[in-house]
Every structure is written in structure tokens, then in C-alpha cells.
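Heads up: the structure comes next, in C-alpha cells.
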Amino acid sequence: MTAYLDSAATTRVDPRVAEVVLHWMTTEFGNAGSRTHDWGTRAKRVVQQAREQLAGRLGAGPSELVFTSGATESNNIALLGLAPYGESQGRRHIISSAIEHKAVLEPLEHLASRGFDVDLISPGPSGWVSVEAVRERLRDDTLLVSVMHVNNETGVIQPVAELAEQLRDTPTYLHVDAAQGFCKLPEDLKAPIDMISISGHKVGAPKGVGALLVRRRGRDTVPLTPLMYGGGQERKLRPGTLPVPLIAGLAKAAELFEKEHEQWWNQAVAFRARLVEALGKTKVRFNGDQEHVVPHILNLSFEGVDAEALIVQLKELVAVSTGSACTSASYTPSHVLRGMGLPDEIAGNGLRLSWFPDQVQDLDVNELVDEISEFQAEASYFA
């Protein structure tokens, strides 16, 4: 059976989570907005419990958490929702990075078309956005800094907790896309970050659910304008009937991840070590600072090898990708690797391996690397 090495794109729903989701779909199927019967009361209760649990894991209160369909929607609410306030205050400068997910870069492109000055930092080959680089760009009219927690292609961890401390006493807000870091690096997200986007399907929860944390500064909250209208749900920031089963599943997935975090981390580290050691027999380049990465994402380029051709060669053995699932169909050089200043022969042939330990237990790492090594030798011979 093909081993799954694309967990940064999505994860399998944990069977224990699926059981919870199914319960709230088929047994307890009430609408959390229904106030006239027990079905609605029970649904509302489980949503409130989930809100309390998830907000608590981010070091916040339940009133600060808004449920969404995932990190993409959360990013849009955070970025586009803050824009009217910035326009009213004459603060149109936004700092971000060239290695953000398209769910951040494309809303920023839209804001640029509306007259915002979007300043994208290129982090260099390390893939690490320094606090100093952000601080140097701060201006009196800087409305927002948006930097991701963990890069989805390289796995490089960004210094978001330190950024939060630097910005907390300034009028500049901080938004963090934590789709890849949520549950994996929990302490970072307890820092005073103003807005945090999370996604369920990266941690064993279903697709289609996530949240936006909108943290207060004292008594003040981030002045967001809703993008949609049609109901009073979710602090009037995100109208619509709440997906109770998905919300319950997200809370369960986060609970399980917290309980099993140490085991997950150690097993992910061990698999990475075996993989990196085996790759020593190939001509390989690891992309991004390997001293500042999560243990379950590895981005690499093989000398003289076309990444797409290699994926086809390996498809019976492993499922891998060239980068973000949202953009990998375009077959263009990775904007992340390009944003790190890497040449096109590397940016166009970056391969992302990402894993959850329970899905690679049966993978023979040496068999995988032998296949890669043979393919690389053939490519070199016919070059």
C-alpha cells in the first residue's frame, strides 16, 4: 500500500474524531441556534464546550474565538475585515512575507489594488523571517503585520511569539496563519498575538472547519468588519448555521493531539532522522533552515532530477507533493522557494515530504531512497 507523505496538505480524520462527528450528525443533530427544545440546547452546549477548549489552548477566552470553514476564510476575515478600519485611520501599510500561503498573499494583492502599501519581506535561503526585518519596516501608518507560524512547504518555524511581544505595545496588529503550527507548537500561540487562523484538517479533524482567534488588548478588540451578512452568529463576524458535528470534531482532534503530543513529536523526529540518514546516499539539498523546522515537514531538491517526473516514478510507493496543495496543480516554480531567493532550478524542483507517524510505520525508508537514487543516476546518465 502506498505510504502517505503529504500530511501538510491534509491528514486522515482520526477514527475517534470521526465517531464524535458521526454522533453529532446522526444522533444529536440539533441546530445550535434553536432555543425552543433540548436538541438545540445540547447542540449549543457542545459548541460552547468546544469554544472554551480551543480558546483555552490558545491562552484566550471563549468569546475571542470565531468558528469558520478553515484557515483560508479566517485569513480573509482577518485581513480584509481590518481594511475598513485602516482606511478610516489613514493606516494603509501592511507588512508580510513573500513565503506566505496564497490564502494570505491573494487577499493582500486585493488590498494593494485598493491602495494599501503591502511590504513583503524576502527571508533569504533560511526561509526564516527575522523580527529585525519586521521591526525595520514598521512605520507610523503600519496597520498590520501578517506572518505565518510554520511554513507549509519548508516547515520552517517563524518567530511569531517574539513578534507578538514586540508589537503588543504598538498600534500595529499581528495576524498569524497557524494552519500548520496549531497543536504542534502550542506555546507559541499563547503569546499575545492579535489574530490567529487555524484549520481542522491539518490535525486529524474534518475538512471544512477552523477558527479565527481575535484576541483583546485589554478591553479593546481588533476592529474587524464582517465580510458577510445574514445572521448574528459568531459575534456577527461569520453568519450562518454552525456546523456542530465539525466543531465537535475539531475540539476532539485538538484534545487528542494535546494528550498524545509528546509521542507524536518523538515519533515524527525519529522518522525524520531515519529518512535524512538514508538520503545521504543521494545528491540532495534540504531547503530551509533545518535547525528551525517542525519534525514532520521536509523540503528537498535532488540534483539533476525533475520533481514532477520523480513523483510519477514514486507514486506506487509514496504519495508526495511539490508544495502547497492549493497551488501544486500549476506546475510553476514554488513561490515559497522563489521568495527565499533560490534559483529556478531549485524552486522549480522542490519536493515536500510530510508525515504523521502513524501513516508511515510500514514504509521502508531504504527502499524509498534506493528508488530515488536509481532515478537520479538514470537522469544523470541521460543528461
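The values are calculated or read from the model by the stated rules, or taken from the named source; none is laboratory data. Please read all numbers here as calculations on a predicted model, not as lab measurements. All Cβ positions, even for glycine, are placed from backbone atoms using ideal geometry, and neighbour counts span all protein chains on display.
For segment 95-111, give me each residue that is among the aliphatic types (A, V, I, L, M) and touching a Ser or Thr at 6+ places or on another chain (Cβ under 7 Å). Spell out the reasoning first.
First, pick out the residues of segment 95-111 that are among the aliphatic types (A, V, I, L, M): 95, 98-99, 103-105, 108, 111.
Across segment 95-111, the qualifying residues are ILE95, ALA98, ALA103, VAL104, LEU108.
Consider LEU65 against the criteria (1) buried (at least 20 other Cβ atoms within 10 Å of the Cβ); (2) more than 20 Å from the chain's Cα centre (by Cα); (3) of a type outside the set (Gly, Ala, Ser); (4) closer than 23 Å to LYS252 by Cα: it satisfies all of them except one. Which criterion is unmet?
All conditions are met except number (2).
Residues in segment 271-303 that are without any contact (Cβ under 8 Å) to a residue 12 or more places away in the chain and within 23 Å of TRP128 (Cα to Cα): how many? Please lay out each step first, then the result.
In the first step, residues of segment 271-303 are kept if they are without any contact (Cβ under 8 Å) to a residue 12 or more places away in the chain; the result is 273, 277, 280, 290-291.
Then keep just the ones that are within 23 Å of TRP128 (Cα to Cα); that gives 273, 290-291.
Total satisfying the criteria: 3.
Can you tell me how many residues within segment 119-163 are acidic (Asp, Glu), surrounded by fewer than 24 Cβ atoms within 10 Å (Cβ to Cβ) and within 11 Å of ILE99 (Cβ to Cβ)? If you could, list the steps in order and put the result at the bottom.
At the first step, the residues of segment 119-163 found to be acidic (Asp, Glu) are 119, 132, 136, 140-141, 153, 162.
Imposing the further condition that a residue be surrounded by fewer than 24 Cβ atoms within 10 Å (Cβ to Cβ) reduces the set to 119, 132, 136, 140-141, 162.
Add one more test, that the residue is within 11 Å of ILE99 (Cβ to Cβ), and what stays is none.
Summing the residues that are acidic (Asp, Glu), surrounded by fewer than 24 Cβ atoms within 10 Å (Cβ to Cβ) and within 11 Å of ILE99 (Cβ to Cβ) in segment 119-163 gives 0.
Where the second residue is among the aliphatic types (A, V, I, L, M) and assigned to a loop (DSSP other than H, G, I, E, B) and the first is within 20 Å of GLY218 (Cβ to Cβ) and lies in segment 178-201, which pairs have Cβ atoms under 8 Å and are six or more apart or on separate chains?
Final answer for the pair search is LEU189/LEU58; LEU189/ALA178; LYS190/LEU58; ASP194/VAL222; MET195/VAL222; ILE196/LEU58; ILE196/ALA178.
Results for (1) within 25 Å of GLU187 (Cβ to Cβ); (2) in a helix (DSSP H, G or I); (3) touching a residue at least 12 places away in the same chain (Cβ under 8 Å), shown as yes or no for each residue.
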| site | (1), (2), (3) |
| --- | --- |
| VAL17 | yes, yes, yes |
| VAL21 | no, yes, yes |
| ARG42 | no, yes, yes |
| SER63 | yes, yes, yes |
| VAL66 | yes, no, yes |
| SER74 | yes, yes, yes |
| TYR85 | no, yes, yes |
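Restricting attention to segment 222-239, which residues are β-branched (Val, Ile, Thr) and out of contact with any Lys or Arg (no Cβ under 8 Å at 6 or more places or on another chain)? Outline the logic, then answer.
If we filter segment 222-239 for residues that are β-branched (Val, Ile, Thr), which is where we start, we get 222, 225.
Of everything in segment 222-239, just one residue is β-branched (Val, Ile, Thr) and out of contact with any Lys or Arg (no Cβ under 8 Å at 6 or more places or on another chain), namely THR225.
Filtering segment 201-237 down to residues that are assigned to a strand (DSSP E or B) and at pLDDT 95 or above, which residue is farthest from the chain's Cα centre (by Cα)? Outline the logic, then answer.
Here is the first cut: in segment 201-237, the residues assigned to a strand (DSSP E or B) are 210-214, 217, 220.
In the following step, the residues that additionally are at pLDDT 95 or above were identified as 210-214.
Working: GLY210: 11, ALA211: 12, LEU212: 12, LEU213: 14, VAL214: 17 Å.
Looking at the filtered set, the residue picked out is VAL214.
Taking THR11, is it β-branched (Val, Ile, Thr) and in contact with a Gly (Cβ under 6 Å, 6 or more places away or on another chain)?
Working: β-branched (Val, Ile, Thr): yes; in contact with a Gly (Cβ under 6 Å, 6 or more places away or on another chain): yes.
Yes.
Exactly one condition in (1) more than 19 Å from ALA254 (Cβ to Cβ); (2) of a type outside the set (Ser, Thr, Tyr); (3) in contact (Cβ under 8 Å) with a residue 24 or more places away in the chain; (4) assigned to a loop (DSSP other than H, G, I, E, B) is false for ARG35; which is it?
The one condition ARG35 does not meet is (3).
For the structure I just gave you, tell me whether LEU79 is of a type in the set (A, V, I, L, M), crowded, with 20+ Cβ neighbours inside 10 Å and in a helix (DSSP H, G or I). Before the answer, list the steps.
Details: of a type in the set (A, V, I, L, M): yes; crowded, with 20+ Cβ neighbours inside 10 Å: yes; in a helix (DSSP H, G or I): yes.
Taking the combined requirement at face value, the residue satisfies it.
Yes/no per residue for (1) of a type in the set (A, V, I, L, M, F, W, C); (2) surrounded by 14 or more Cβ atoms within 10 Å (Cβ to Cβ):
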| residue | (1), (2) |
| --- | --- |
| ALA253 | yes, yes |
| LYS259 | no, no |
| GLU277 | no, no |
| LEU298 | yes, yes |
| GLU303 | no, yes |
| ASP306 | no, yes |
| LEU310 | yes, yes |
| LEU314 | yes, yes |
| ALA319 | yes, yes |
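Could you count how many residues in segment 105-118 are surrounded by fewer than 16 Cβ atoms within 10 Å (Cβ to Cβ) and in contact with a His (Cβ under 9 Å, 6 or more places away or on another chain)?
Here the count works out to 1.
Please go through segment 207-230 and give me each residue that is surrounded by fewer than 20 Cβ atoms within 10 Å (Cβ to Cβ), among the small types (Gly, Ala, Ser) and touching a residue at least 60 places away in the same chain (Cβ under 8 Å), ordered by number.
GLY208, the sole residue that qualifies.
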